[in-house]
1. Which ³J(HN,Hα) values, rounded to whole Hz and listed in residue order, are derived for segment 353-369 from phi using the Karplus coefficients 6.51, -1.76 and 1.60 in 6.51 cos²θ - 1.76 cosθ + 1.60 with θ = phi - 60°, glycine and proline given as x?
2. Show me the three semi-axes of the equivalent ellipsoid for segment 244-390, from the C-alpha gyration tensor (sqrt of 5 times each eigenvalue), largest first, rounded to whole Å.
3. Where nothing but the Cβ of Lys and Arg (+1) and of Asp and Glu (-1) is charged, how large is the charge dipole of segment 108-216 around its Cα centre, in debye to the nearest 20?
4. Using θ = phi - 60° and the Karplus relation 6.51 cos²θ - 1.76 cosθ + 1.60, list the HN-Hα couplings for segment 251-259 in order, rounded to whole Hz, with x at every Gly or Pro.
5. Would you kindly derive the ³J(HN,Hα) couplings of segment 77-86 from the backbone phi angles with the Karplus curve 6.51 cos²θ - 1.76 cosθ + 1.60 (θ = phi - 60°), listing them in order in whole Hz, with x for Gly and Pro?
6. For segment 34-114, give the magnitude of the charge dipole about the Cα centre (Cβ charges: +1 Lys/Arg, -1 Asp/Glu; no others), in debye to the nearest 20.
7. Can you give me the Cα centroid spacing of segment 423-471 and segment 156-192 in angstrom?
8. How would you classify segment 306-468 from its alpha-carbon gyration tensor, with a ≥ b ≥ c the square roots of the eigenvalues: rounded for a/c under 1.5, else prolate if a/b is greater than b/c, otherwise oblate?
Amino acid sequence: MKLVLLVAVLLIGGRAAAAQQEAAPAADAPGIVRKTLRGTLAQVTLDDGDEHWTLLSESDGSLQPFARGVRPPKKDKDGNDITAGSVVGLSCPTDSTGSCTYVSSSDTTLLAGGATPSAATNKVSQRNLIINIDYSACGSNYSATHNESSLRTLYLGAAGDGTGGHSLRFEQCSYGGLTFNATAFTVVTVQPNCSSLILVNCSYSTISNGADAAAKAILGSTVFATFTHYTYILPPGFEGICGWSGLALLPGKQTWLQTSSYGVSRWATVMQESLHNYGPWHSWLGTAEYNDYSTSMGRGNACPNAAELSYMKWASPVTGGSALNASLLPLGQAVTFNLPATYLTGTGNFLRVVPDWIPNYAYNVYIAVRANKVGDSSLGNGYANRINMHYLNATLDNQLWNGNTNLRYTDRKITVLNTAQVNNTVDLPAYSMVVYGGAWVGTDIMRMYICRYSASAAECPALSVLEARPSPPPSPSLPPSPSPPSPSPPSPSPPPRNPPAPPSPSPPSPPPPSPPKTTGGGSTKNKGRRMLRAGQQ
C-alpha cells in the first residue's frame, strides 16, 4: 500500500511539474531562441481584444514585438512596478517571427521609470521625419502615390511653413502647445524589401524596422537621430491588409498611417495617432470605443475634449473648478460659472467634478462648453454650442491630479456622459447632480450652474429662478498653465468592469440668440484655436 501511494504521489508531482514547464517555455527547448533585450516598453494601439506590447531597443531604436496577448510582468525580479514607458532589461523566448512569447518577473529588471512625454508638461515643436514607403518589391499595386511635395502640403499647408495643413490644426487645438518644426520637417521615400510578414501579416515592427534601415541608408544615422518623431506612410492597398487607418506606440515617438482618405489625408486621424505617443487613449460613447464624435481621439473631426486637454496640460480649469466636491457644492444650492468655449482659450475653460458625496464613487466628470469654430469648426451638431460632459476612471484621474504618474499611460476610459443646450437642464441621477445651461453672456461664453442633491433633482432650484438672479462678476484671468492639483479627495473604489451606458447626447438645438457684449469667462490670451482592428506584430 505504501508503495502504491508513493507511486501515485510521484505521478501527480510529475504532472504538476510538467504543467508548470508548459506555462513558461524553457530557454533550451527545441526551436526556442531566447533574446536578451534592453529598452523602453510601449503598448501598440491595435484594437482586436488583446493587449499588444513592444520594446523599443536602446541600442538601435528597432522594435521588438511581444506576441499577441503577451504582456510584460507587472513586477520585476526585485518587486518594482513595470508599466508602459518603463525602461527595462529582459530575457524572453521567441517564436518563428521573432516575437517574445513569454516574459517572467525573474527575467525582468527595471532600469528606469518612464519619463512623462514633454508635450504633457510644456510646449513642444516636433521635428518630424515622414518616411514614405514604396513597396514596389511587393508588387506594382503597392507603389507609393505620395511624394515629398504632397506630404509637405498635407502636413504644413500650401506655403510649406506650418501655417496651414495638419500643422495649423495641431496649433489651434493645443493653443500653440504642440507644433511642427517646418524647417526640420523632412520627407524621405524608401523602397524596403518585401516579405510575408509585411504583405500578409502587416507586421508593424517589420515595416518600421525595414523603413528605418532604408531611411538611415539615405540620410545617415546621425541625421536620422536628430528627429523627435517618425511616421510611416504605407502605400495604397495596405489598409485592406492591415485593417487599420492609423497606428501608434503609447507612449513613444512612432506612428503608422495609411494612404487613404481616413489615414494620412485626415487631420483628425493624424492627431489621434500623434497624441497616442503622449499617453491619451481613445474616447468612448457608452460601451463603444471611438464613438465619441466630440474629439479626434474618437471619431470626431474636432479638437480633444476637456479631459484630454487637461491630460495634455493644454488647458486649465476655471478658478475654483479643479475639484468640485461636497464641500464646494452644498446640497440643494446651485453654483454659478461662466465657461468660455474651448476654442477660445486654454485658460479656465473646464470644470472637474469629484463626486465624493457618492459612497465609493467610481467616476469623475469633466464639463466644458464647445462651439463649432476655429479648430472645432467641424464639430458635429450633437456637441456644438452646448455644454459637453464626460466621465472617466476617478482613481486614475485623482492619482494624476495628486502628482502620482505611475499609471499615467493606463486607459482612463474617457466616455461621453451627456450634453446640455443653452437654457436647458440635465439631471444626472447617477451623480445626484443637476447641470444647467444658462444664457450666453458673451461671444461663445455660457453661464452655467451645478447643483447636487440628496434624493431628487426637485431639491435643486429651477433654471428660471437661477437666471433671474444677478449675474456673478467676471471670472478672473488665469495664467496659461493649468492650476495645481487640489488636495487629495477621498480615494474611490475601482470602477466596475462595465459601467452603465450613459444617455446619448440630446438632439441639436436651434442656433442661440446673438450674445451681448462679453461680461465674463476665461481669458482669451491663448485664443486660436479610425478605424483599427487586427493584431499584428
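Where a number appears in this text, it was derived from the coordinates with a stated rule and is not lab data. The shown structure was predicted, so the numbers you read here are calculated from the model rather than taken from an experiment. Note that each Cβ is placed from the backbone with ideal geometry, even for glycine, and that neighbours are counted across all protein chains shown.
1. 9, 10, x, 6, 6, 9, x, 6, 4, 10, 10, 9, 10, 10, 10, 8, 9
2. In descending order the semi-axes read 30, 17, 13 Å.
3. 180
4. Couplings: x, x, 9, 10, 9, 10, 9, 8, 7 Hz.
5. Residue by residue, segment 77-86 yields 5, 9, x, 7, 5, 10, 9, 4, x, 5 Hz.
6. In debye, rounded to 20, segment 34-114 gives about 240.
7. 42
8. oblate
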